[in-house]
Amino acid sequence: MQITILCKVVDNFGDIGVVYRLAKQLKKIKPENQINLVVDNLLSFQKICSSVQCDVPFQEVESLNIYDWNASDFCHEAFSADDGALMPVILECFQCGRPDWMERILFEEKLQCTVQIIMIDYLTAEKYAEDFHCLQSLTRSAKVQKVNFMPGFTEKTGGLVIDDAWSEVPGWNSEGPVLVFTYENDWGELAAALADYCIVNGRKVLVAQGRGKDSFMQSFAKVISSPSTNSRTAITFAEELPYLNQTEWDEMMKGCSALVIRGEESMSRACLSGIPFIWHAYPQSDEYQLVKVRALLERMKPHFDEEDFEIVSKTWLKINGYNEVSLSGLTGQSAQDCDVQNMYIQFFSSIPRLVPGFRDFALSLRKNGDLCVNLMTYIEKLDII
């Protein structure tokens, strides 16, 4: 079987990170299948897979056929050959659309074969993931069929990609560093809380490459220059990470004692890790990220006792834009008492007691199965081979 995966790199490495993991796992499940990966930004891909070249229209890396989305003439010739032989199954990831050259092949050049487009949507804990999962929709051609396949956190969705590196919940490294991987913001309170926590406990902070790195490091520089901070000690606790291959990133995450992470790819790994983490969701208009954050918190709630869940929820809501007045209503405190820095301090100081809840949540996700196994099972049920 030929499976073609489409990916537009919208935000640094999240999209390509998920797609790369998806492609590798699909190939592992069915080695006889050919996976064709069409990517619009090979430079970003190269950051997490150093074998990728940026200046070629086609290459084979780790048994994956990789095409440059932007090499229109080359791709049109390759994908239109033999009545679209490379395209019986197309995975369109994260509403990325299709290249113009592929649109021409599908809808203007009158393919005789049937093409099944499977829309792999963004990961969310919202209820609509269950409602939209395996929901079919129409296209401009009877020969081109389309269906949604939703990643998610319940057995009524496709689940998460659970590759070999994440088949088991790793042991918690109580003395490990804290990973910081965020979007841009003023991180003064977070940096100050981490400085206090790490200096007292002898931990190191690992700061990942990406959009939020500079803003965190700037906030951190202000903290260590403060007269109230032991700058000689504090300056040694933050380490700026280089770009890491995906396998190196996975191993680094599993060795941490706590995570402050962003996006979908790293959030999904954090959920599977059993490591206490704070999720900085992608900021959206009208603060819609809070809807997504609340939805995931609701999925996690049964795995914590009431007091521990409050520590997690108020920290997550605040880092994602919830204001002090709203938080005071949530916690029963006055707005003045809802000190942001203290929220972070409370989270980090409570890490050992939070571990069982995060681990129990991680174990529950594995019961939903691997998204790639679920996806291949679904594909094979379709009469398209």
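Laid out as a table, the results:
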item: Number of positions in segment 106-118 that are crowded, with 19+ Cβ neighbours inside 10 Å and out of contact with any helix residue (DSSP H, G or I) (no Cβ under 9 Å at 6 or more places or on another chain); result: 0
item: Residues of segment 175-195 satisfying the condition of being under 30 Å from GLY369 (Cβ atoms) and more than 18 Å from the chain's Cα centre (by Cα); result: GLY176
item: Residues (small (Gly, Ala, Ser) and in a helix (DSSP H, G or I)) located in segment 159-215; result: ALA165, GLY188, ALA191, ALA192, ALA193, ALA195, SER215
item: Pick from segment 304-325, criterion farther than 20 Å from SER349 by Cβ and either in contact with a Ser or Thr (Cβ under 7 Å, 6 or more places away or on another chain) or surrounded by 15 or more Cβ atoms within 10 Å (Cβ to Cβ) (or both), ranking: modelled with the lowest pLDDT; result: GLU324
item: Check on ASP196, at pLDDT 90 or above, among the acidic types (Asp, Glu) and more than 16 Å from SER268 (Cβ to Cβ); result: no
item: Flag for GLY159 being in contact with a strand residue (DSSP E or B) (Cβ under 9 Å, 6 or more places away or on another chain), closer than 30 Å to THR114 by Cα and touching a residue at least 40 places away in the same chain (Cβ under 8 Å); result: yes
item: Residue count, segment 232-248 (criterion: at pLDDT 90 or above and closer than 20 Å to LEU194 by Cβ); result: 2
item: Residues of segment 70-96 classified as of a type in the set (A, V, I, L, M) and either without any contact (Cβ under 8 Å) to a residue 60 or more places away in the chain or surrounded by fewer than 21 Cβ atoms within 10 Å (Cβ to Cβ) (or both), total; result: 4
item: Answer residue from segment 356-374, given it is in a helix (DSSP H, G or I) and in contact with a Gly (Cβ under 6 Å, 6 or more places away or on another chain) and is nearest to ARG269 (Cα to Cα) among those; result: ALA362
item: Filtered residues of segment 364-381 (kept if basic (Lys, Arg) and in contact (Cβ under 8 Å) with a residue 60 or more places away in the chain); result: ARG366, LYS367
item: Within segment 123-144, tally of residues that are crowded, with 17+ Cβ neighbours inside 10 Å, in contact (Cβ under 8 Å) with a residue 40 or more places away in the chain and farther than 20 Å from LEU363 by Cβ; result: 2
item: Qualifying residue in segment 36-57 (condition: of a type outside the set (Val, Ile, Thr), out of contact with any strand residue (DSSP E or B) (no Cβ under 7 Å at 6 or more places or on another chain) and more than 30 Å from GLY212 (Cβ to Cβ)); result: no
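For (1) within 22 Å of ALA238 (Cα to Cα); (2) in a helix (DSSP H, G or I); (3) among the charged types (D, E, K, R), each residue gets a yes or a no:
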{"position": "ILE261", "(1), (2), (3)": "yes, no, no"}
{"position": "MET267", "(1), (2), (3)": "yes, yes, no"}
{"position": "CYS271", "(1), (2), (3)": "no, yes, no"}
{"position": "PRO283", "(1), (2), (3)": "no, no, no"}
{"position": "LEU290", "(1), (2), (3)": "no, yes, no"}
{"position": "ALA295", "(1), (2), (3)": "no, yes, no"}
{"position": "GLU298", "(1), (2), (3)": "no, yes, yes"}
{"position": "ASP308", "(1), (2), (3)": "no, yes, yes"}
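Yes/no per residue for (1) outside any helix (DSSP H, G or I); (2) within 25 Å of the chain's Cα centre (by Cα):
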residue: LEU86; (1), (2): yes, no
residue: ARG98; (1), (2): yes, yes
residue: ARG104; (1), (2): no, no
residue: LYS110; (1), (2): yes, no
residue: MET119; (1), (2): yes, yes
residue: LEU123; (1), (2): yes, yes
residue: ARG140; (1), (2): yes, no
residue: LYS146; (1), (2): yes, yes
residue: GLY152; (1), (2): yes, yes
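For every residue, the table says whether it meets (1) part of a strand (DSSP E or B); (2) surrounded by 20 or more Cβ atoms within 10 Å (Cβ to Cβ); (3) in contact with a helix residue (DSSP H, G or I) (Cβ under 8 Å, 6 or more places away or on another chain).
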site: ILE3; (1), (2), (3): yes, yes, yes
site: VAL9; (1), (2), (3): no, yes, yes
site: LYS24; (1), (2), (3): no, yes, no
site: GLU32; (1), (2), (3): no, no, no
site: SER44; (1), (2), (3): no, yes, yes
site: SER50; (1), (2), (3): no, no, no
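The values are calculated or read from the model by the stated rules, or taken from the named source; none is laboratory data. Bear in mind that the values here come from a model prediction, so they are computed numbers and not experimental data. For neighbour counting, all protein chains shown are included, and Cβ atoms are generated from backbone atoms with ideal geometry for every residue, glycine included.
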